[in-house]
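Let me give you the structure first, and then I'll get to my questions.
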Amino acid sequence: KAIRSIESGLLFYSEEMNQRAKEHMRIEGELRQALLNQELLLYYQPKVSLRSGRIVGAEALLRWRHPVRGLVSPGVFIPVAEETGLILDLGSWVLEEACRQIRAWQDANLIMPPIAVNLSARQFDSKLPQRIAAVLERHQVQPEQINLEITESLLVRGAESVIAIMNELRAMGMRLSLDDFGTGYSSLAYLKKFPISTLKIDRSFVIGLPDEENDCAIARAIVTMAQQLRQEIVAEGVETPEQMNFLRELGCDQLQGYLFSQPVPAADFATMLRDGKRLALGARLPTP
Ligand code: C2E
Ligand code: MG
Ligand code: MG
Ligand code: MG
């Protein structure tokens, strides 16, 4: 009897894997088509200064307008693209599209803050600086306009070659941000080896502010460390004024989250910039 239930368990498991594999293959095929059919687009989410309340950057976030399923979130298709290698084509498209959009905005006389683009670890090879340089050149965009968001998985690889590529990107004038900070495995000692300009505190630590003691301790530790390393610090996923106040008191530089704005279509982001939309910082903190 025991054996039979193990068997049925295995059967169930492999059936589930089969379903998943099929689902992945379907998404992969459709995603390839999506690239050709121009179903992909970028949304932009502002980053605001906790000193001035002004927009000082934005993150470009990939969206897929599926003909049947509507707007599909990257949480669904990025993992599939990572697995299949399609992320390389998607990543190239994102860089190209972001630069095209920056050029169009600059041509329309908007004063553009740096725009952040997410990079997969798989995009990170020795040809990356050259490839980005070509895209910048094609669209006549300055490297200072681009902020590259990378994740800790890249650092854990720890190779000298990764550091060399980062140095090259920095030398070109681009900023490097470490995304989802605190969710990976990089240690303090590790971090100082990499030429990172900005740390982004992961949303999972912001959620519990200011009530969860552990989250407060982690946020405080991250901000203190970033200050020591002279890195700029951005908090992700800020949704409430209480979270904002806590982070501002800690000395966090920027905020990104629904409190100020969700990711929005390009035209809406341009409107926010043009109107000079600002974050309501509330009453000024007493200066000690
Ligand atoms: P991420 O780079 O950490 O991006 C931030 C995510 O947090 C975005 O989800 C954003 O919509 C969400 N977010 C921002 N503020 C809030 C908030 O206040 N509350 C909540 N609940 N969520 C908030 P999104 O757009 O679904 O993207 C998910 C992930 O997909 C990104 O996480 C990134 O890892 C990946 N991704 C998106 N676009 C690209 C891309 O072009 N290339 C690559 N390689 N990955 C991408
Ligand atoms: Mg990001
Ligand atoms: Mg992030
Ligand atoms: Mg995150």
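Yes or no, residue by residue, for (1) buried (at least 20 other Cβ atoms within 10 Å of the Cβ); (2) under 25 Å from residue 218 (Cβ atoms); (3) at pLDDT below 95:
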| residue | (1), (2), (3) |
| --- | --- |
| 242 | no, yes, no |
| 245 | no, yes, no |
| 251 | no, yes, no |
| 260 | yes, yes, no |
| 266 | no, no, no |
| 275 | no, no, no |
| 278 | no, no, no |
| 284 | no, no, yes |
| 288 | no, yes, yes |
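Could I ask something else about it? Scanning for something outside any strand (DSSP E or B), within 16 Å of ligand 1 (Cβ to nearest atom) and surrounded by 19 or more Cβ atoms within 10 Å (Cβ to Cβ), does region 155-163 turn up at least one residue?
Within region 155-163, one or more residues are outside any strand (DSSP E or B), within 16 Å of ligand 1 (Cβ to nearest atom) and surrounded by 19 or more Cβ atoms within 10 Å (Cβ to Cβ).
Which helices (runs of 4 or more DSSP H) does region 181-264 wholly contain that include 3 or more residues that are in contact with a helix residue (DSSP H, G or I) (Cβ under 6 Å, 6 or more places away or on another chain)?
Answer list for region 181-264: 213-228.
Moving on to the next point. Under 6 Å by Cβ, and 6 or more places apart or on different chains, what pairs join a residue from region 225-253 that is within 15 Å of residue 53 (Cα to Cα) and of a type in the set (A, V, I, L, M) with one that is part of a helix (DSSP H, G or I) and within 16 Å of ligand 1 (Cβ to nearest atom)?
235/206; 235/247; 238/206; 238/244
Right, something else. For residues that are polar (S, T, N, Q) and at pLDDT 90 or above, scanning just region 168-204, find the one that is nearest to ligand 2 (Cβ to nearest atom).
The residue in question is 177.
Quick one: residue 177 ticks every box in (1) under 15 Å from the mean Cα position of the chain (by Cα); (2) in a helix (DSSP H, G or I) bar one, so which box is it?
(2)
Criterion first (within 28 Å of residue 73 (Cα to Cα) and assigned to a strand (DSSP E or B)) does residue 279 satisfy it?
No; evaluated as a whole, the condition is false for this residue.
Going by the conditions given, is residue 222 within 16 Å of ligand 1 (Cβ to nearest atom), more than 29 Å from residue 127 (Cα to Cα) and modelled with pLDDT under 95?
So residue 222 passes the test.
The values are calculated or read from the model by the stated rules, or taken from the named source; none is laboratory data. Computed from a predicted structure; not experimentally measured. FYI the Cβ positions are ideal-geometry reconstructions off the backbone, even for glycines, and counts take in every protein chain you see.
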